[in-house]
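Okay, so here's the structure we're looking at.
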Amino acid sequence: MQVNLFPRSAVLPVRAFFAITLLAAAVLFASEHTNAQQSASVAISVKDHRFQPGRISAPANRPISIRVKNLDSAPMEFESVSLRVEKVIAPGSEGVVNVRALAPGRYEFFDDFHRETRGVLVVE
Ligand SMILES: [Cu+2]
């Protein structure tokens, strides 16, 4: 007589349980990974050739999206050597500057059309 210790009817639910557990773990991992990569947003304005505020802060290790509003009647160019970005923003208009995930530190930026207009992004 053949003894089947693991009848099909018992093995299948166990397999299904493991498959569902693995799938759930994969989904959880993927969503955590997505959260880590979700960009942080910061906003800044330029008025009378001054950044307002002059210092903005953002979390480390996440891409950063900087919304720059130009309230002046002259075009400006948001630029940063350390952030490796530059973007011209028309008067009365706004632009979004996307920055890679950064290590903690201070990253200076300026208006390339008015070099005295300077600000700093503090990443912590
Ligand atoms: Cu430039």
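Values quoted throughout were computed directly from the atomic coordinates according to the rules given, and no laboratory measurement underlies them. Note that this is a predicted model, so its numbers are computed, not measured. For neighbour counting, all protein chains shown are included, and Cβ atoms are generated from backbone atoms with ideal geometry for every residue, glycine included.
For the stretch 49-124, just say rounded, prolate or oblate: build the C-alpha gyration tensor, square-root its eigenvalues into a ≥ b ≥ c, call rounded for a/c under 1.5, and beyond that prolate if a/b exceeds b/c, oblate if not. It comes out prolate by the Cα gyration axes. Computed from backbone phi, the HN-Hα couplings of the stretch 65-76 come to 10, 9, 8, 10, 9, 9, 8, 8, 9, 10, x, 10 Hz, rounded to whole numbers (Karplus: 6.51 cos²θ - 1.76 cosθ + 1.60, θ = phi - 60°; Gly and Pro given as x). Extension gain for residue 71-residue 98 works out to 7.7 nm (0.36 nm per residue, less the C-alpha to C-alpha distance).
With a cut-off of 15 Å between beta carbons, the residues surrounding residue 106 carry a summed charge of 0, where Lys and Arg count +1 and Asp and Glu -1.
The protection proxy used here, the mean number of other Cβ atoms lying within 10 Å of each residue, ranks peptides 60-72, 80-92 as follows, highest first: 60-72, 80-92.
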